[in-house]
Amino acid sequence: MANATLIGIDLGKHCFFVHAQDARGAQVWRKKMTRKQLYAYLATCPVAVLAMEACAGAHWLARKCQLYGHRVRLIAPQFVRPFVKGNKTDFADAEAICEAASRPSMRLVTVKTAEQQTLLALHRVRESLVGERTATSNQIHAFLLEFGIDLPIGALAITRLPVLLDDPRHALPPTMVALLLRLHQRYAQLSREIVELETQIKQQTLEDEAGQRLLTIPGIGPITASSLLAMAGDARAFKCGRDFAASLGLVPRQHSTGGRATLLGISKRGNKQLRSLLVQGARAVMRYAERRTDALGRWLQALLRRRHSNVVACALANKMARIVWAILAKGGEYRAQPAIA
């Protein structure tokens, strides 16, 4: 194969479609490769720029390619889609990746480390367990309601389910009682697994120097700090705090035309779970806003007097995201500023 300066790889599970270009942007070759063939080629080919979509397996392959001396560019899939010519095929996707990577203003995704991917996996498993526990709780409530039993809302009511089933006033069929007890055991097991994962996540956050600095920010606890470390990547890849907040979808959407700027609600781009954690942390700070006497508290109190609480929560989450960027990119920790008289 002729030498290439830019190589686009359309990732797959068993096979990969590779499109190579020279310095002028002309196609040099393209080929379908197996996983073993791709690894062998990348280990022996001249150093080049490798472009891939930031999808499953991309970060591990990017680290492997960097060990071979290649420069890797990871691009979000939504930025590659506009460059697909004609019908969507695997080779067309690989060519579109090359076209997107050749743009000097293209936004790139920072390659995650193995530790960040492991921490991210812990959060994903925790989220799935929380969802499964919620589904189990809903099933228990629904089955009891079918027999005229209105179970109170909350985890405490679920823990008292065996006592409720022993009450002679609730005459349930034996099979239904056995089924509800099985769901109760499943609920308790899921709760124990969630607590174990949360303990592990909190311990890793406390042992991390950057995580300790993030914990100084109001409204950010161990789970949120750990999520930021796992999902944010290298904060220095963003030029300013607003760019970081925009990547999380916490800035207004724009629909501007004719020189007239029109701002809408938040864009809701980026990671939904991380954005939700920041907003919930902002609501926790808002509950005790009147007790704060620093500059942040005065700003929050003034904003609450003239805007809806939902708007204030998003504004405070935006401010928290910018503080996170400043701490991760420039170092230091959060220090409350005194209010100006």
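Annotations for the structure displayed:
- The lone criterion from (1) farther than 29 Å from Ala76 by Cβ; (2) without any contact (Cβ under 8 Å) to a residue 40 or more places away in the chain left unmet by Ile140 is number (2).
- Qualifying position, being under 30 Å from Pro174 (Cβ atoms) and at pLDDT below 90, among Leu151, Leu61, Leu119: Leu151
- Residue match in the stretch 152-168 (condition: in the same structural domain as Glu196 (by TED's automatic domain parsing), in contact with a His (Cβ under 6 Å, 6 or more places away or on another chain) and not in a helix (DSSP H, G or I)): no
- Within the stretch 127-151, the set of residues being hydrophobic (A, V, I, L, M, F, W, C) and part of a helix (DSSP H, G or I) comprises Leu129, Val130, Ala135, Ile140, Ala142, Phe143, Leu144, Leu145.
- Scanning the stretch 71-117 for residues that are aliphatic (A, V, I, L, M), touching a residue at least 60 places away in the same chain (Cβ under 8 Å) and part of a helix (DSSP H, G or I) yields Ala94, Ala96, Ile97, Ala101.
- One residue alone among Leu229, Leu250 is modelled with pLDDT under 90, assigned to a loop (DSSP other than H, G, I, E, B), surrounded by 17 or more Cβ atoms within 10 Å (Cβ to Cβ) and not small (Gly, Ala, Ser), and that residue is Leu250.
- For the stretch 181-214, the set of residues classified as farther than 30 Å from Ala336 by Cα and in contact (Cβ under 8 Å) with a residue 60 or more places away in the chain consists of Leu190, Glu193, Ile194, Leu197, listed by residue number.
The values are calculated or read from the model by the stated rules, or taken from the named source; none is laboratory data. In this text the structure is predicted, and so the values were computed from the model without any measurement. Using ideal geometry, Cβ is built from the backbone for each residue, glycine included, and neighbour counts are taken over all protein chains shown.
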